[in-house]
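Heads up: the structure comes next, in structure tokens.
The values are calculated or read from the model by the stated rules, or taken from the named source; none is laboratory data. This is a predicted model, so every value here is computed, not measured. Neighbour counts are summed over all protein chains in view; Cβ atoms, including those assigned to glycine, are modelled from backbone coordinates with ideal geometry. Areas reflect the complete protein model, heavy atoms only, side chains present, ligands, DNA and RNA absent. Shrake-Rupley method; radii C 1.70, N 1.55, O 1.52, S 1.80 Å.
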2 protein chains.
Amino acid sequence: MINITLKQLRYFEALTRHGHFGRAADACSISQPALSVQIKDLEENLGVVLFERSARQVRLTGFGQDFADRARDILRAVDELGDLARLAKDRMVGRLRIGVIPTVAPYLLPTLIQRLHKAHSGLDVHIRETMTQKLISELLDGRLDTAIVALPVSEPGLAETALFDEKFVLVRSAQEAAAPVPSPEGMREMKLLLLEEGHCFRDQAVSFCNFRSTLPSDGLDGSSLSTLVQMVGAGIGVTLIPEMAVPVETRSAPVSLARFKGDEPGRTIGMVWRKTSPLAPQLMEIADVVRLSAEQLRTENQHLLPS
Amino acid sequence: MINITLKQLRYFEALTRHGHFGRAADACSISQPALSVQIKDLEENLGVVLFERSARQVRLTGFGQDFADRARDILRAVDELGDLARLAKDRMVGRLRIGVIPTVAPYLLPTLIQRLHKAHSGLDVHIRETMTQKLISELLDGRLDTAIVALPVSEPGLAETALFDEKFVLVRSAQEAAAPVPSPEGMREMKLLLLEEGHCFRDQAVSFCNFRSTLPSDGLDGSSLSTLVQMVGAGIGVTLIPEMAVPVETRSAPVSLARFKGDEPGRTIGMVWRKTSPLAPQLMEIADVVRLSAEQLRTENQHLLPS
DNA sequence: ATTGATCATAGGAAATTCTTATCGTGACTA
DNA sequence: TAGTCACGATAAGAATTTCCTATGATCAAT
């Protein structure tokens with residue numbers, strides 16, 4: 001059992017337009033017998049005669065008419081398939097699903113989305129905000145195209161690229177502004193407010209203070225940096241926040257900021273994707289946009305950071 | 001520049017369904033490398049990667065998703081093309097354009113159309129009623145599929161088959177019913193009412209009476225048999241009508257009917273079509289339906305005819 | 001009847017598609 | 001950490017399809 005081919009439909013369509021085997025063959029850049037054979041094959045496959053051949057002219061049969069209408073639709077749809085690909089190849093286009101950790105998302109996204117939209121307007125950006133572990137799992141599952149997380153991730157299936165580094169700054173109540181900045185060891189004497197389990201930023205803060213193990217939850221873990229800063233403002237304790245969060249989070253709470261002396265705590269934010277992802281080239285471009293966004297944020301808010 | 005093929009779309013579609021080259025290849029009854037190559041060709045033709053291959057699984061890219069939706073539509077349309085042909089091949093189906101001369105149409109068509117509809121309900125019958133000359137020309141132009149006319153036609157490009165013979169009967173006013181039936185020569189003494197120029201039935205009537213040439217129009221030519229019979233009823237003259245017209249035309253006029261003695265005038269009605277028409281087999285079947293219709297009319301109306 | 005135009009057919013060349021065999025790469029296991 | 005397995009890619013030759021050139025057949029017009 002042979003099958004209809006697009007070639008046959010193309011030749012058929014040409015023949016309907018020219019009503020003449022020789023001229024239709026020319027239009028298809030093939031010899032007249034090649035066209036004759038393909039039309040014959042098509043008719044035999046279908047079991048129906050499509051053309052009435054007379055010495056004078058080649059005419060569609062009634063069935064041929066109906067057939068031609070549908071065939072044209074199909075050829076058009078196939079051409080559109082090619083057009084679609086040609087567009088997708090040149091411009092960056094289509095859905096892009098980005099995952100971002102919660103300690104980055106609120107500060108980076110406004111700028112980033114604006115820039116992405118400006119640079120690649122064909123892009124349909126979807127944002128997913130959750131913790132690293134979930135992002136990685138969704139990435140590996142193919143439910144995300146890339147994720148912005150703290151490095152290192154060291155997951156075998158993923159490729160990563162660094163985006164920017166940022167320090168953590170100490171947040172104390174406004175009254176403590178003049179007190180000396182504690183050393184990491186000194187931190188252990190203070191009431192340190194942390195994010196809930198699962199946030200990588202919590203682990204980084206804990207690790208900086210050289211706590212032996214994860215602290216038992218005391219029921220005061222905050223669900224966001226914003227919450228932590230509000231708590232600090234209320235005099236409940238101290239906390240760390242990444243530089244990027246400073247402009248937003250310290251605006252509305254009576255807190256003071258301080259840099260650590262010596263070996264400052266900090267983190268590297270990077271982008272990860274599946275090593276097998278065909279989007280890799282595009283994602284490298286996206287990474288550049290993220291770097292520019294981070295740079296912009298840093299320069300815009302330089303003056304708000306402690307010196 | 002190579003082209004997308006339906007084969008590639010079929011393989012592609014199978015791969016989207018199975019997400020596994022080996023199983024998709026099985027489903028297509030080909031080897032795995034054959035499928036690999038075709039998918040690769042497709043991707044190269046498009047210039048876009050459709051699948052993300054990892055050790056674990058084969059997943060569609062975002063573009064691949066869009067592509068798959070359209071590809072499926074195309075494959076469905078092509079299959080429907082095949083279905084359409086399969087239907088058209090078995091049953092008699094589609095448009096059928098029949099031309100019929102005016103001295104047959106009103107009497108034959110009611111029965112014929114009913115029978116056609118019963119025998120081939122898929123048939124979309126179009127009727128064109130006009131004089132032989134126009135019918136033949138439209139037939140040759142491809143604007144009709146077949147025509148029912150008086151034979152012979154003897155047009156080189158047309159095939160013909162006889163359908164039925166019928167005699168012409170004399171129509172006189174009711175008062176003349178008892179008068180002897182005239183011979184053809186005797187007809188010349190009478191006021192013979194004829195159809196307009198162009199009707200083959202006019203020529204046949206004239207020829208029966210052995211008139212030398214076409215008579216000069218006296219402004220009384222009728223545009224239909226119905227008109228002629230009405231005129232006879234009004235006492236203006238006599239006329240001939242084919243047997244088939246008797247039941248309809250003599251119902252409402254005070255006329256009498258008579259058969260001619262000896263060599264009765266008559267005609268053969270037949271069907272013609274282009275020798276090149278692929279519908280020829282179907283048309284032979286249609287011709288059978290016409291014969292049955294004529295037979296039915298004859299038996300139904302036997303009692304109305306003069307003996 | 002001859003010629004010209006047109007589509008069909010035939011045979012061998014060219015291109016393509018397929019199969020088998022094999023490689024390379026990850027991922028799981030012992 | 002090496003071994004094994006699963007899976008897709010690649011290679012080479014065979015099989016199939018498609019195409020071209022040459023020629024045949026038909027029909028209409030001269």
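Brief remarks on what is shown
- Evaluation of residue A:98 against (1) at the interface with chain B (Cβ under 7 Å from one of its Cβ atoms); (2) more than 14 Å from DNA strand C (Cβ to nearest atom) (one fails), failing number: (1)
- Residues located in region A:248-270, provided they are modelled with pLDDT of 95 or more and touching a Leu at 6+ places or on another chain (Cβ under 6 Å): A:268, A:269, A:270
- Condition check for residue A:10: of a type in the set (D, E, K, R), facing chain B (nearest Cβ under 9 Å), surrounded by 14 or more Cβ atoms within 10 Å (Cβ to Cβ) and over 28 Å from residue B:64 (Cβ atoms): no
- Residue in region A:160-179 that is within 16 Å of DNA strand C (Cβ to nearest atom), open to solvent by 10 Å² or more (accessible area, probe 1.4 Å), within 14 Å of chain B (Cβ to nearest Cβ) and touching a residue at least 60 places away in the same chain (Cβ under 8 Å) present: no
- Residue B:204 modelled with pLDDT of 85 or more, open to solvent by 20 Å² or more (accessible area, probe 1.4 Å), under 29 Å from the mean Cα position of the chain (by Cα) and under 29 Å from residue B:299 (Cβ atoms): yes
- Subset of region B:75-107 that is modelled with pLDDT under 90 and of a type in the set (Gly, Ala, Ser) - its residue that is least open to solvent (accessible area, probe 1.4 Å): B:85
- Restricting region A:50-59 to residues that are more than 7 Å from DNA strand D (Cβ to nearest atom) and surrounded by fewer than 17 Cβ atoms within 10 Å (Cβ to Cβ), the residue that is nearest to residue B:138 (Cα to Cα): A:57
- Meets criteria (modelled with pLDDT under 90, surrounded by 15 or more Cβ atoms within 10 Å (Cβ to Cβ), of a type outside the set (A, V, I, L, M, F, W, C) and within 16 Å of DNA strand D (Cβ to nearest atom)) for residue B:36: no
- Complete set of residues in region B:14-49 that are within 14 Å of chain A (Cβ to nearest Cβ), near DNA strand C (Cβ under 7 Å from one of its atoms) and not acidic (Asp, Glu): B:29, B:30, B:38
- Check on residue B:60, in contact (Cβ under 8 Å) with a residue 24 or more places away in the chain and at the interface with chain A (Cβ under 10 Å from one of its Cβ atoms): yes
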